[in-house]
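Below you'll find the structure, written out as structure tokens, and then a few comments.
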Amino acid sequence: MGTTIPLSPARVFSFPARSHRKPPHICPKHGPSTLSLLIPPTSITTKHSNDHHSLKIDTTNNYTTATSSKTVYRDNWLESIAIAFLSKTIQETAGIKDDTPGYKGIVSTSAAVFRELSPNEQRAFVLKVLEKAVPSFSLIMIKKMRLMPNSKFTREFFAIFTTVAFRWLVGPSEVRELEFEGKKERNVVHITKCRFLEEGNCVGMCTNLCKMPTQEFIKKSFGIPVNMVPNFDDMSCEIIFGQDPPAQEDDPAFKEPCYKLCNLKQRHTASCIN
């Protein structure tokens, strides 16, 4: 990409482990196998009996309030390999050492990057991570797909592939139908409750470390536009393949305040985004 990430290689961040469980010693030299991405995770959503909504908006105080309801994931060993590989790639790219195990390690390192870099630098950083993390078989597929037009088949293929391959990263999802250029297509991925947003609990991390760089990466690498539409009320998200995203100044995602219980604590307003 030609972008230099202004992170000092000599700076090392040490984060205490958040669990007494010993982290898995899984540090593959290569990307996870295709099979590791095709097995969906087992997840259980726990809710208190008096909870009717996961989130609610408090417009008076200009923040989004989260309840105690949270999804519990039980990743199998193949999913753990994929998670460990991505966490390792993020740490190596940032020059950060983080001993937090499992998926929390991905979020913990991402939060450190979020605090250190500007929004534009954050997006450039994620693009660099994605270039490193994409397995070789996907690079071959990219070259093949770029020879294909932005067709109904391509859009629906990406929707199906996303729901099958990335449940360990974003949580359970399903393909939905949308009218596209006057015709019905199954080109939309509906994520029930985004795992990254729920674990990070920060609107800015969602927009700058996921939404914007992912849209750019897919468009540049695969040649297909994509619009990611997060819903910060219930933490769901829709990924619409074939649809150009709005300009940032017109994007509703950039008009939302952050959560009251934002995990970064010192930022509770729209400053988490800009």
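Just a few scattered comments:
- Of all residues in region 212-230, none are over 24 Å from Ala133 (Cβ atoms) and either free of Cβ contacts under 8 Å to residues at least 24 places away in the same chain or not β-branched (Val, Ile, Thr) (or both).
- Applying the condition of being in a loop (DSSP other than H, G, I, E, B) and of a type outside the set (D, E, K, R) to region 184-234 and asking which residue is surrounded by the most Cβ atoms within 10 Å (Cβ to Cβ) yields Cys202.
- When restricted to residues that are closer than 14 Å to Lys219 by Cα and at pLDDT 80 or above, region 124-150 contains 4.
- Enumeration of residues in region 173-183 that are surrounded by 14 or more Cβ atoms within 10 Å (Cβ to Cβ) and either touching a Phe, Trp or Tyr at 6+ places or on another chain (Cβ under 7 Å) or modelled with pLDDT under 95 (or both): Leu178, Phe180
- Of the residues making up region 152-172, just one is surrounded by fewer than 16 Cβ atoms within 10 Å (Cβ to Cβ) and at pLDDT 95 or above, namely Ile160.
- Ile191 meets the stated requirement of being modelled with pLDDT of 90 or more and aliphatic (A, V, I, L, M).
The values are calculated or read from the model by the stated rules, or taken from the named source; none is laboratory data. Just so it is clear, the model here is predicted, and its values are computed rather than measured. Don't worry about glycine lacking a Cβ; one is built from the backbone with ideal geometry, like all the others, and counts go over all protein chains shown.
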